[in-house]
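Here is the structure we will look at, set down as structure tokens.
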Amino acid sequence: MTTFDEVHALTHAGSLLSRHGEIVASYDLEATGSDASGFTSLHDARRDILCAVSTPFTANYAAARRVHLINAFGVTLGDSIIGLSALFAIKRHWPHLTFPIYRPAHAPGYVKRLYELAAPLVGGDVIDLPVPLASLPADEPKIDLGNHLFWPSFASVPMIDFFIRALGVDPLSVAPEDKRNRWLRDLALPLPALHAADAAYVLFCPNASTPVRSVPQAARGRIVARLWDEFGLPVYGFGAIDHPHYRDIAARSRDTAEFIAWIGHACYLATPDTAALHIAAGFDVPTTAFFTTIGAALRSRDYANCHAVEFELSELQGIHASARAQDLRALERVYGAYDWRTMPIVTTARPFCRSPETRASVHRAPPPSR
């Protein structure tokens with residue numbers, strides 16, 4: 001059995017096994033700066049642990065009661081939403097199943113919060129890694145989804161299909177409507193702070209999880225202007241933008257539940273952030289989404305109410321994260337060259353967003369206070 005050096009341990013497609021027999025997430029080693037040498041592949045050590053990147057499999061869920069998911073579903077909010085969507089699609093077919101989920105202990109707090117919100121729906125505990133391999137029952141199915149960022153198919157197929165296949169199910173057997181994140185509606189969410197139930201607003205989320213996928217500062221005001229001109233409604237968003245009809249609500253979105261709620265109550269969304277896009281799809285919020293480093297079809301194929309703006313940046317394709325100056329200059333160039341007056345808007349926007357009465361009353365109102 002091969003023992004990894006530090007580089008191979010951090011980029012290994014799958015979870016790791018320590019010398020002491022503990023299941024370890026590569027992310028935790030990287031996040032804590034721990035020595036990453038001397039680990040082996042969990043799947044190689046225990047062949048009863050299923051791992052699709054090593055050996056494709058078809059899960060026998062009909063015969064199972066509890067299925068242990070190891071290192072699922074990553075440490076970003078967007079990946080976790082889609083991974084959980086795949087899980088809930090499976091639960092619709094086999095509602096008797098429960099899923100203990102073993103996750104990186106050092107994942108960001110806002111991602112951990114999503115799993116706390118989802119845990120009652122999953123029907124299993126969310127457990128921090130590392131855990132002793134011997135603590136997992138020998139007679140119950142175990143699936144490893146560790147370090148999925150380094151699985152070859154992650155960058156080549158739609159993410160929902162990737163996770164469904166990684167869970168041992170043919171994606172073609174899952175109906176498209178079961179791939180649209182509607183489980184988010186079942187979460188216990190607050191009403192957005194200072195938002196009346198009948199108030200209409202457009203939402204702009206300009207920041208993605210990495211600068212190379214975020215909207216450059218110079219373009220943000222132009223996008224807000226386009227949204228105001230289209231809807232005549234207050235534009236809420238996260239971060240300061242100089243526009244008379246824009247309100248920064250970052251201070252009123254301090255928790256993952258609040259973030260989801262702001263999106264779910266919006267009448268329209270514009271964003272480069274795939275996490276926000278996935279949330280909007282779960283609530284049928286029409287969206288214009290911007291893509292720079294990955295094809296739109298890989299993230300929004302099943303979202304009928306989404307218009308994608310794809311920027312031609314061949315030199316950045318496939319980059320998951322970057323703050324390099326040359327990459328950000330390329331981003332600023334394509335955003336700066338785009339005519340934001342032509343930004344596509346989904347015509348099936350929620351009816352109250354486009355009613356003449358609403359537009360007229362908003363146009364008569366003073367700009368929202370900051």
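Here is the figure for the range 139-167: residues that are under 25 Å from residue 28 (Cβ atoms), open to solvent by 10 Å² or more (accessible area, probe 1.4 Å) and out of contact with any helix residue (DSSP H, G or I) (no Cβ under 9 Å at 6 or more places or on another chain) total 2.
Condition (residue is among the small types (Gly, Ala, Ser) and farther than 27 Å from residue 116 by Cβ) applied to the range 278-288: is it met by at least one residue?
Here is the first cut: in the range 278-288, the residues among the small types (Gly, Ala, Ser) are 280-282.
Remaining after also requiring farther than 27 Å from residue 116 by Cβ: none.
There is no residue in the range 278-288 that is among the small types (Gly, Ala, Ser) and farther than 27 Å from residue 116 by Cβ.
Scoring residue 119 on the criteria (1) assigned to a helix (DSSP H, G or I); (2) in contact with a Pro (Cβ under 9 Å, 6 or more places away or on another chain); (3) closer than 16 Å to residue 77 by Cα leaves a single failure, condition (2).
Taking the range 207-225, which residues are outside any loop (DSSP other than H, G, I, E, B) and either without any contact (Cβ under 8 Å) to a residue 40 or more places away in the chain or buried (at least 22 other Cβ atoms within 10 Å of the Cβ) (or both)? Selection gives 213, 217, 220, 221, 223, 224.
If you go through the range 288-312 and keep only what is more than 15 Å from the chain's Cα centre (by Cα), modelled with pLDDT of 90 or more and of a type in the set (Ser, Thr, Tyr), you end up with just 288. Within the range 260-277, track down each residue that is over 23 Å from residue 344 (Cβ atoms) and crowded, with 24+ Cβ neighbours inside 10 Å. Answer for the range 260-277, where residues must be over 23 Å from residue 344 (Cβ atoms) and crowded, with 24+ Cβ neighbours inside 10 Å: just 260.
Quick one: would you say residue 280 is free of Cβ contacts under 8 Å to residues at least 60 places away in the same chain, open to solvent by less than 10 Å² (accessible area, probe 1.4 Å) and more than 19 Å from residue 74 (Cβ to Cβ)?
Numbers: free of Cβ contacts under 8 Å to residues at least 60 places away in the same chain: yes; open to solvent by less than 10 Å² (accessible area, probe 1.4 Å): yes; more than 19 Å from residue 74 (Cβ to Cβ): yes.
Judged against the criteria, residue 280 is a match.
A single entry from 127, 90 fulfils the requirement of being open to solvent by less than 20 Å² (accessible area, probe 1.4 Å) and outside any loop (DSSP other than H, G, I, E, B): 90. Among the residues of the range 125-136, are any modelled with pLDDT under 95 and within 29 Å of residue 188 (Cα to Cα)? Yes: one or more hits.
Among residues of the range 55-68 that are closer than 13 Å to residue 96 by Cα and among the aromatic types (Phe, Trp, Tyr), those with a Cβ under 9 angstrom from a residue that is open to solvent by 70 Å² or more (accessible area, probe 1.4 Å) and outside any loop (DSSP other than H, G, I, E, B), sequence gap 6+ or separate chain, pair up as 61/93. Among the residues that make up the range 229-239, is at least one of them on the phi > 0 side of the Ramachandran plot, open to solvent by less than 10 Å² (accessible area, probe 1.4 Å) and part of a loop (DSSP other than H, G, I, E, B)? Within the range 229-239, one or more residues are on the phi > 0 side of the Ramachandran plot, open to solvent by less than 10 Å² (accessible area, probe 1.4 Å) and part of a loop (DSSP other than H, G, I, E, B).
For the range 168-181, state whether one or more residues are among the polar types (S, T, N, Q) and open to solvent by less than 50 Å² (accessible area, probe 1.4 Å).
Let us first name the residues in the range 168-181 that are among the polar types (S, T, N, Q), namely 173, 181.
Next, only the ones that are open to solvent by less than 50 Å² (accessible area, probe 1.4 Å) stay: 181.
Yes: the range 168-181 contains one or more residues that are among the polar types (S, T, N, Q) and open to solvent by less than 50 Å² (accessible area, probe 1.4 Å).
Taking the range 290-310 as the range and being open to solvent by less than 70 Å² (accessible area, probe 1.4 Å) and either among the charged types (D, E, K, R) or farther than 26 Å from residue 75 by Cβ (or both) as the test, the residues that pass are 299, 302, 305, 309.
Taking the range 94-119 as the search range and keeping residues that are surrounded by fewer than 21 Cβ atoms within 10 Å (Cβ to Cβ), touching a residue at least 40 places away in the same chain (Cβ under 8 Å) and not aromatic (Phe, Trp, Tyr), which one is farthest from residue 16 (Cα to Cα)? Taking the candidates together, the pick is 117. Residues that are surrounded by fewer than 17 Cβ atoms within 10 Å (Cβ to Cβ) and among the hydrophobic types (A, V, I, L, M, F, W, C) within the range 311-322 comprise 319, 321, listed in sequence order. Within the range 1-20, can you find the residues that are of a type in the set (A, V, I, L, M, F, W, C) and assigned to a helix (DSSP H, G or I)? Matches in the range 1-20: 7, 9, 10. Please verify whether residue 248 is among the acidic types (Asp, Glu) and surrounded by fewer than 17 Cβ atoms within 10 Å (Cβ to Cβ), treating the condition exactly as stated. Judged against the criteria, residue 248 is a match.
Whether a residue is of a type outside the set (S, T, N, Q) and over 16 Å from residue 167 (Cα atoms) was assessed, and residue 141 does not pass this test. One residue stands out among those in the range 21-56 that are within 23 Å of the chain's Cα centre (by Cα) and part of a loop (DSSP other than H, G, I, E, B): the one that is surrounded by the fewest Cβ atoms within 10 Å (Cβ to Cβ), which is 53.
So, in the range 57-70, of the ones that are under 26 Å from the mean Cα position of the chain (by Cα) and open to solvent by 10 Å² or more (accessible area, probe 1.4 Å), which residue ends up farthest from residue 122 (Cα to Cα)? Break it down into steps so the answer makes sense when it comes.
Quick first cut of the range 57-70, residues under 26 Å from the mean Cα position of the chain (by Cα) only: 57-59, 61, 66-70.
Cutting the leftovers down to open to solvent by 10 Å² or more (accessible area, probe 1.4 Å) gives us 57-59, 66.
On the way: 57: 22, 58: 21, 59: 18, 66: 11 Å.
Checked the range 57-70; the qualifying residue farthest from residue 122 (Cα to Cα) is 57.
The values are calculated or read from the model by the stated rules, or taken from the named source; none is laboratory data. Computed from a predicted model, the values in this text were never measured in an experiment. So basically every Cβ, Gly included, is an ideal-geometry build from the backbone, and we count neighbours across all protein chains shown. Accessible surface is based on the protein model in full, side chains and every heavy atom, while ligands, DNA and RNA are left aside. Shrake-Rupley method; radii C 1.70, N 1.55, O 1.52, S 1.80 Å.
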